[in-house]
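**Q** Submitted below is the structure of interest, expressed as structure tokens.
The values are calculated or read from the model by the stated rules, or taken from the named source; none is laboratory data. Given the structure is predicted, the values throughout are model-derived calculations rather than measurements. Counting neighbours? That spans all protein chains shown, and the Cβs are built from the backbone with ideal geometry, glycine included.
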Amino acid sequence: MTNNKPPEFTLDPHSPYYLHPSDAPGAIITALKFDGKNFELWEKAVLTALTAKNKVAFIDGTITKPDTATGVRPIEVNAWVIVNSMVTSWILNVIDPKLHASIAYAESAQSICENIKRRYAVPNVPKVHQLKVDIASCKQGTLSVVEFFSKMMGLWSELDSYVKRPVCKCEAAKQYVQMIESDRVHQFLMGLDDDLYSNVRSQILALEPLPSLDKIFSMIQQEEHHKQVMKERDQRTDAVAAFAVTHADRRPDRVTCKHCGKLGHEATTCFDLVGYPANWGTRGGRSGRGRGRGGRGGGRQTSGRGRGVFQPRELAHATQMHDGSSSHDRPEGIRSALSKITDEQVQKLLSLIETPKENNEQFSGKYDWLLDSGASYHMIGDLKLLTDVSFIEPIPVGLPNGEITFASKRGMVRLG
């Protein structure tokens, strides 16, 4: 007795009919969407994704819809309908919605793929020609080396999908593959920026044998990194130079005193006319700074304009002369000065030396100031002494110990 029952239909994880619990109609099987212009790349991505899910048989015609007239059980037909609907949803999810109307009414996933291929697949010969034109005209331009190499690799890979290499292992096949690799090396080198990589390109072409494409890419990439480092260093140098020039250009014009001819003050504030501060001599001195001053720390020795202030050294000479000591070894400036002062004036000067005042009578406040008539700006370490404080661009200031600091603020101080 013959058994005409069809074979038992079972679902196991290795069957094309098996759907994993994570499979859903709204799943996106590839990030690449078909927009009507990228069929070859999209087809490759879809085939890869469906192969991973063991569903390629539903689009290449290997598994077709079962016919119950042939004795197939309804459960198998139902399983095909379910899996076909799932694959159809996956394909529609990776197609631009503008193209859905032309394919949405196809009966199977296989029909959708065949319709798309008939409409959008470009014949091989024109496509191969276009790819070779794109490769020959591909230039680096503003792209980085990595971006340019990736672009070239994409064109080469697409060309390989149309022009198949021989799969045999004979010597002729090896020479053919080496010839293709050599052509790609020259295509990559020709597309590089001439201004940036002409030298390293000449060095590579002089090598024998010619390195592999991957090795040449690594060499060009190292050259790019080296040029970037050098460029950043040059930019930092230019920035420092620009900073110095900017400050030199912004330096305000320094006024010139019409009386003494020095920079940094006007005749109305010239110490030669208005007199020197009482503590001017404590600065120590550089002698011979002009018109009657016995050094930067001395007052005017001769009578005339201004309020002359005697310093301790002259006063010591004045004391000796007032006491009747000999004046043969006294400087001429002291004798000239003493010949024009009275005993009363000498006593007043001596009293100032014996009982120095704690505070400067000429200035208000409890702080002593060291002023330089030849300086336009003075420095202070305490912002509390300044008014109208404002920020400025940092200006380097050299200190006596050789270190450099920066002045970042400026303000005003009122004296007198």
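**Q** Before we move on, is Leu11 of a type in the set (A, V, I, L, M) and either at positive phi or at pLDDT below 90 (or both)?
**A** yes
**Q** Please go through (1) more than 30 Å from Ile91 (Cβ to Cβ); (2) assigned to a helix (DSSP H, G or I) for Lys151 and return the number of the only condition it doesn't satisfy.
**A** Condition (1) is where Lys151 drops out.
**Q** Next up: Among the residues of the range 73-98, what is the count of those that are part of a helix (DSSP H, G or I) and within 17 Å of Leu41 (Cα to Cα)?
**A** Of the residues in the range 73-98, 4 are part of a helix (DSSP H, G or I) and within 17 Å of Leu41 (Cα to Cα).
**Q** Would you confirm, using the coordinates I've provided, whether Asn199 is free of Cβ contacts under 8 Å to residues at least 24 places away in the same chain and within 25 Å of Ala45 (Cβ to Cβ)?
**A** Taking the combined requirement at face value, the residue does not satisfy it.
**Q** Between residues in the range 29-44 that are part of a loop (DSSP other than H, G, I, E, B) and residues that are surrounded by fewer than 15 Cβ atoms within 10 Å (Cβ to Cβ) and modelled with pLDDT of 90 or more, which pairs lie under 6 Å by C-beta distance while being six or more apart or on different chains?
**A** Lys33/Asp96; Asp35/Asp96
**Q** Would you mind finding the one in Val87, Val125 that is out of contact with any Gly (no Cβ under 8 Å at 6 or more places or on another chain), in contact (Cβ under 8 Å) with a residue 24 or more places away in the chain and not small (Gly, Ala, Ser)?
**A** Working: Val125 fails: in contact (Cβ under 8 Å) with a residue 24 or more places away in the chain.
Going through Val87, Val125 in turn, just one is out of contact with any Gly (no Cβ under 8 Å at 6 or more places or on another chain), in contact (Cβ under 8 Å) with a residue 24 or more places away in the chain and not small (Gly, Ala, Ser): Val87.
**Q** Would you say Ser22 is farther than 25 Å from Glu158 by Cβ, modelled with pLDDT of 90 or more and part of a helix (DSSP H, G or I)?
**A** Considered against the rule, which asks whether it is farther than 25 Å from Glu158 by Cβ, modelled with pLDDT of 90 or more and part of a helix (DSSP H, G or I), Ser22 comes out as no.
**Q** Being at pLDDT 90 or above and surrounded by 12 or more Cβ atoms within 10 Å (Cβ to Cβ) narrows it down to one of Leu41, Leu32, so name that one. If you could, list the steps in order and put the result at the bottom.
**A** On the way: Leu41 fails: at pLDDT 90 or above.
Sole residue among the options that is at pLDDT 90 or above and surrounded by 12 or more Cβ atoms within 10 Å (Cβ to Cβ): Leu32.
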